[in-house]
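Contents: one structure, followed by commentary.
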Number of protein chains: 2
Amino acid sequence: MSIRRGRSVTISDVAEAAGVSRAAVSKVIRNAYGVSPGMRERVEDAIEQLGYRPSVAARALRGSSYRLGLETPHVNARFMTQIVEGAKRAVTGTPYQIILAPADGPEYGTLESLADGLVDGIIAVSPLVDQTWLEDLAKRVPVVMLGRHDTPQGYDTVIGDDHAGARAVMRHLLGLGHRRIAHLTEPEPVTAPGCGTPHAIRLEVYRACMIEAGLGAHIQIARRTAGADSAQSAAAELLTRPDPPTAIFAGHDDMAVDALAAAAGRGVAIAGYDNTDLAAHPLIGLTSVDQQGVEMGAQAATMLLERLQGRTEPRRYMSTTELRIRTSTTSVSPG
Amino acid sequence: MSIRRGRSVTISDVAEAAGVSRAAVSKVIRNAYGVSPGMRERVEDAIEQLGYRPSVAARALRGSSYRLGLETPHVNARFMTQIVEGAKRAVTGTPYQIILAPADGPEYGTLESLADGLVDGIIAVSPLVDQTWLEDLAKRVPVVMLGRHDTPQGYDTVIGDDHAGARAVMRHLLGLGHRRIAHLTEPEPVTAPGCGTPHAIRLEVYRACMIEAGLGAHIQIARRTAGADSAQSAAAELLTRPDPPTAIFAGHDDMAVDALAAAAGRGVAIAGYDNTDLAAHPLIGLTSVDQQGVEMGAQAATMLLERLQGRTEPRRYMSTTELRIRTSTTSVSPG
């Protein structure tokens with residue numbers, strides 16, 4: 001009810017109802033110092049009874065929108081639903097709300113516009129944004145980055161243990177007797193050596209494990225086409241090579257599910273990463289690495305709230321991984 | 001480059017570079033009257049060269065944020081990825097950006113806060129929000145509602161042809177010889193008779209088709225539990241009833257995919273709705289109604305842009321539907 005009346009209620013109405021000055025109401029709203037508990041209670045009661053909502057734009061100019069922005073280049077990616085779920089859980093019971101900003105093309109612009117008074121803090125999946133630039137951004141607005149293995153000064157990071165996760169996949173496939181194991185990954189820029197993205201690390205671990213196993217000659221890499229939603233054609237191309245792989249380690253579940261489509265009926269073992277909701281489906285049964293995405297999202301939002309409460313030293317959270325073994329690898333022999 | 005320098009550039013810098021007053025720059029930025037084409041060009045050139053970005057919050061107070069908000073109760077729903085994709089396509093090449101606001105619980109609050117200066121217009125999936133309330137909201141900010149079969153005065157609607165789509169599913173299942181056909185749908189409030197939601201109409205058509213076919217005695221309805229992500233247990237319960245269905249018409253693909261998990265290996269025909277990306281996967285092969293979600297999202301954003309350009313009379317766009325027949329119904333006999 002109160003919501004419907006909200007737009008006609010002014011700060012003066014609240015002041016009158018609470019029996020205080022407009023300045024006092026303003027102080028309570030912006031959490032300023034010098035407000036007695038009694039005054040806060042009277043004002044908050046009046047705000048609730050009248051259904052008063054201070055203008056979001058006015059709050060934004062003042063420095064508080066009660067919004068946390070989650071920027072992601074892939075709003076469709078199944079793993080992101082875990083992150084969003086976790087972030088939403090973490091802000092439950094706080095005045096904060098999560099909004100999502102899907103980045104198209106260059107992420108600098110999307111991050112800039114979020115920082116530009118729209119949100120109080122940013123959680124971002126922007127693996128390729130320059131660190132120096134991010135440090136500058138973080139001077140203006142609290143920032144938590146997901147999936148960056150860097151060592152920042154001014155922002156926090158939430159990452160999975162990509163070394164352990166990728167190694168678990170490779171150990172599993174090698175243990176099943178596969179020798180021709182291919183890796184299906186993201187386009188070049190995302191996996192550039194040393195760039196610190198999860199996909200760069202998974203690729204590096206794949207190579208290292210193949211070499212350690214004496215299978216350097218069997219290293220085969222296929223990449224999703226930049227801009228294409230699906231990795232199905234990349235996987236299909238892999239399977240028509242002269243010496244096709246008997247197993248594919250896909251860099252994430254969406255690509256693994258595409259690879260399952262490409263490989264349907266061919267008896268190729270396929271493993272993914274992220275343990276998305278679909279992996280456990282009996283018709284999919286995808287072996288995948290659980291890196292606890294919901295917990296990662298929750299940690300990211302929690303760290304952002306800590307920064308909003310004044311923490312400034314950088315924190316880093318690394319989730320542990322666990323391989324979930326399913327029929328996509330166990331029902332297939334290495335040929 | 002310009003973006004990185006953006007935050008240090010002020011309106012005074014722009015005025016100086018363009019050789020005009022600060023007031024003139026402000027006029028150009030807010031598209032006010034009384035700006036000569038020459039002045040506009042000089043100011044816009046200076047803005048571009050200096051990388052000036054007026055504060056979003058300031059623009060919001062003035063009434064233009066260049067953002068369109070997409071509110072949805074189910075950010076995880078696979079159908080929403082089609083809507084988001086279409087909306088993003090429609091704003092490509094415009095100054096507008098799409099942001100997503102996932103509603104948790106009551107949608108009034110989420111819509112209010114979007115309207116409260118955050119965005120210039122709202123696309124919303126809020127089937128149960130009161131029409132009178134929406135008409136009020138639409139007086140403050142342009143609104144396009146997705147999936148509401150109502151006849152509004154002040155906002156636009158984008159809907160699918162739920163009557164035709166649901167009838168096509170039922171005709172298909174009846175044509176295959178199924179008599180014990182169940183319907184898996186959303187919780188009660190979403191399908192209340194006459195409430196005009198897509199799910200109310202799909203349920204109504206299901207009932208009507210069963211009765212027309214003389215199968216009124218075989219009507220069986222199961223509902224996803226409110227708050228539960230999955231419809232798997234609802235489908236499983238349906239299959240353990242004394243006279244279990246040989247076919248399930250699920251109200252949308254997410255529920256159909258859950259039903260496939262519940263029915264794995266039992267030879268039950270399952271059809272969904274929305275033709276989400278997963279339906280065509282060879283391991284899923286889900287018969288589903290394509291209601292052109294991408295086009296629906298694009299139309300919604302386009303209609304919103306039209307309203308921002310001054311259109312006030314309400315418009316309604318109804319997409320056509322087409323049944324995509326796959327193995328989830330064709331590989332199963334009616335038992």
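The set of residues in segment A:177-199 that are surrounded by fewer than 18 Cβ atoms within 10 Å (Cβ to Cβ) and modelled with pLDDT of 95 or more comprises A:177, A:179. Scan segment B:151-167 and tell me whether some residue there is hydroxyl-bearing (Ser, Thr, Tyr) and at pLDDT below 95. Checked segment B:151-167: at least one residue is hydroxyl-bearing (Ser, Thr, Tyr) and at pLDDT below 95. Residue check: residue B:210 meets all listed conditions (1) touching a residue at least 24 places away in the same chain (Cβ under 8 Å); (2) outside any helix (DSSP H, G or I) but one, namely (2). In segment A:281-335, counting only strands (runs of 3 or more DSSP E) that sit wholly within it, the ones holding 2 or more residues that are surrounded by fewer than 18 Cβ atoms within 10 Å (Cβ to Cβ) and more than 14 Å from chain B (Cβ to nearest Cβ) span A:316-319, A:322-324. Considering only residues of segment A:200-236 that are touching a strand residue (DSSP E or B) at 6+ places or on another chain (Cβ under 8 Å) and modelled with pLDDT under 95, which is surrounded by the most Cβ atoms within 10 Å (Cβ to Cβ)? Going through the qualifying residues, I end up with A:231. Name the residue that is nearest to the chain's Cα centre (by Cα), counting only residues in segment B:132-156 that are under 17 Å from residue B:73 (Cβ atoms) and more than 13 Å from every other protein chain (Cβ to nearest Cβ). My answer is B:146. Across segment B:262-280, the number of residues qualifying as more than 11 Å from every other protein chain (Cβ to nearest Cβ) and on the phi > 0 side of the Ramachandran plot comes to 3. Report yes if residue A:265 is in a loop (DSSP other than H, G, I, E, B) and either surrounded by 24 or more Cβ atoms within 10 Å (Cβ to Cβ) or outside the structural domain of residue A:148 (by TED's automatic domain parsing) (or both), otherwise no. The answer is yes for residue A:265. Annotation: of all residues in segment B:308-335 being of a type in the set (A, V, I, L, M) and under 25 Å from residue B:122 (Cβ atoms), the one that is modelled with the highest pLDDT is B:318.
The values are calculated or read from the model by the stated rules, or taken from the named source; none is laboratory data. This one's a predicted model, so the numbers in the text were calculated from it and none came from an experiment. Please note: Cβ atoms are built from the backbone with ideal geometry, for glycine as well, and neighbour counts cover all protein chains shown.
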